[in-house]
Amino acid sequence: MTAQTDAETKKVISSIKKSNQYIYAEATAATVDEAKALAEEMLHEEINSYVATKNRMRGSNIVINNRNSLWTAMELPRGNMFRSFLYVRKSDIQAVKNVEVIENKASEVAEVKPATVRQLYPEAVESVAACTEYADMAELVKRLKEEGKIVHYGRYASLSNPEIYYLAIYNKDGRVVAVLTPGDNRVNVKTGNADRLTNYSGCGAIGFKVNN
């Protein structure tokens, strides 16, 4: 991808994010296919969350008109990572019959739960969350600190106020199993679901603060 094309793609993404006419999701991963798969899953969740706010759509089959443009992906290189950005127009989301269906989970919930809504995180956070091995994660955190994208990091036991840090959690096999957001009510960046440190007994963690 040329620098010019990359800049144009970023401009399109920025315009979509600023508009209220679209639903979108983005994910960063080590390969294009992994990024696409994760972003597509997140977009399904975003569509279901949107439908849950529309009384006229609850309990109906949800479809996207114009099947050929259901998912539009834009991959931007981020070092050794790739970002996939998927979006769909809200006006193309309809409750109709006898067409290809996207599973509608809205009928199963009375309201949108914040923990299931995809949040967009700083680039540094998504890059760390894309790591699967402890060694790669630790090296990335160190490099991001040198680049100024992370302002401080340290092992969990050394943190004076761990509640204000993202937590990159790894198990005894050296696998990164989760990245949790700061706060009392944490969210798993990898899954978008509510999560807590106590769910990872026996694991280690590196806390880090990002430069937003």
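The values are calculated or read from the model by the stated rules, or taken from the named source; none is laboratory data. Computed from a predicted structure; not experimentally measured. So basically every Cβ, Gly included, is an ideal-geometry build from the backbone, and we count neighbours across all protein chains shown. With ligands, DNA and RNA removed, areas are computed over all heavy atoms of the protein, side chains included. Shrake-Rupley method; radii C 1.70, N 1.55, O 1.52, S 1.80 Å.
Could you tell me how far the Cα centroid of region 42-56 sits from the Cα centroid of region 149-163, in Å? Going from one Cα centre to the other spans 36 Å. Of the trypsin sites (Lys or Arg not before Pro) found in region 175-212, the ones in coil according to DSSP and having at most 14 other Cβ atoms within 10 Å of their Cβ are R196.
When nucleic acids and ligands are ignored and a 1.4 Å probe is applied, Y200 ends up with an accessible area of around 40 Å². Report, in listed order, any pair from K18/K145; K36/K90; K36/K190 with a Cα-Cα distance greater than 22 Å. Distance filter (> 22 Å) returns K18/K145.
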